[in-house]
Amino acid sequence: MKLIAVLLLTAVLGSCTAKNAVLNQVIDNVVANMKVNINQAGKDVIKVPDVDEDWHQKVLFITFRGHASCRDGTAKSFASVKRTGDATVTTSGNRAIVKVRLALADLEVNFPHCTLKANHLFTVSHHLNIKVNSNTIDLQLSLNGKGPQCVASLDHVILGQFNDVKIDSGRGLVHKIENNVIHGAINQFHDSIVGAVDDILADAVRKALPKLDLCSKISH
């Protein structure tokens, strides 16, 4: 009896693994089409808001003040989207819901022109590179209906976590001040970047779905 139970469990697990592999492959095809659509739409690189921030930094007993500005910034590599987790599917009546976690493998923000001024002391100008090393994207699709009446649609695609931001501006007190200023500015225009990314990804998904016939490829 134990042998039969083990064999049955092995068969069930094998079936689940095979279904997961098929589902992941379907989502990988969606992601591959998203990449193509993003590049074709010229949306792999977008403009970001300028930075204009007054700053102050206390060193020992002295408070330094000044202004930081960065111009002509771009965020890039939205076509680096990839699947980072296993896709899942749940059913409710004639509706199947597919969920999967994605991420941008190489999200960067670049400012070719940044100037940091300390009142009556110095002015520093240079290029600034910002890397976002941790981000998550939640994708949810719906398959509504059965057979020929089935329609695949996008529920949402949302850039969630936007963490582990690394700023490459150099070392020393001047660059430490600049890093603090830029981190503050990023927090301010975080929502505008996330909103733009969500729109780009959503458009790419909607263009991909009609090409892939998910209804016939995902059991529901």
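The values are calculated or read from the model by the stated rules, or taken from the named source; none is laboratory data. Note that the structure is predicted; figures quoted are calculated from it, not measured. Heads up, the Cβs are rebuilt from the backbone with ideal geometry, glycines too, and the neighbour counts pull from every protein chain shown.
V197 satisfies every condition listed in (1) modelled with pLDDT under 85; (2) β-branched (V, I, T); (3) within 26 Å of D52 (Cα to Cα); (4) surrounded by 14 or more Cβ atoms within 10 Å (Cβ to Cβ) except (1). No other residue among A79, A105 is surrounded by 13 or more Cβ atoms within 10 Å (Cβ to Cβ) and either small (G, A, S) or in contact with a strand residue (DSSP E or B) (Cβ under 6 Å, 6 or more places away or on another chain) (or both) apart from A79. Take the conditions (1) part of a strand (DSSP E or B); (2) within 18 Å of K217 (Cα to Cα); (3) not acidic (D, E); K117 misses just one of them, which is (2).
Looking only at residues that are in contact (Cβ under 8 Å) with a residue 60 or more places away in the chain and of a type in the set (A, V, I, L, M) in segment 37-55, which one is farthest from I193 (Cα to Cα)? Here the residue is A41. Within segment 77-94, the set of residues being part of a strand (DSSP E or B) and modelled with pLDDT under 90 comprises T91, S92. Contact map, segment 131-146: first residue under 15 Å from T84 (Cβ atoms) and surrounded by 16 or more Cβ atoms within 10 Å (Cβ to Cβ), second residue polar (S, T, N, Q) and modelled with pLDDT of 85 or more, Cβ cut-off under 8 Å, separation 6 or more or different chains; pairs are T136/T84. Every condition in (1) out of contact with any Cys (no Cβ under 8 Å at 6 or more places or on another chain); (2) under 30 Å from A202 (Cβ atoms); (3) surrounded by fewer than 16 Cβ atoms within 10 Å (Cβ to Cβ) is met by H56 except one, and the failing one is (2).
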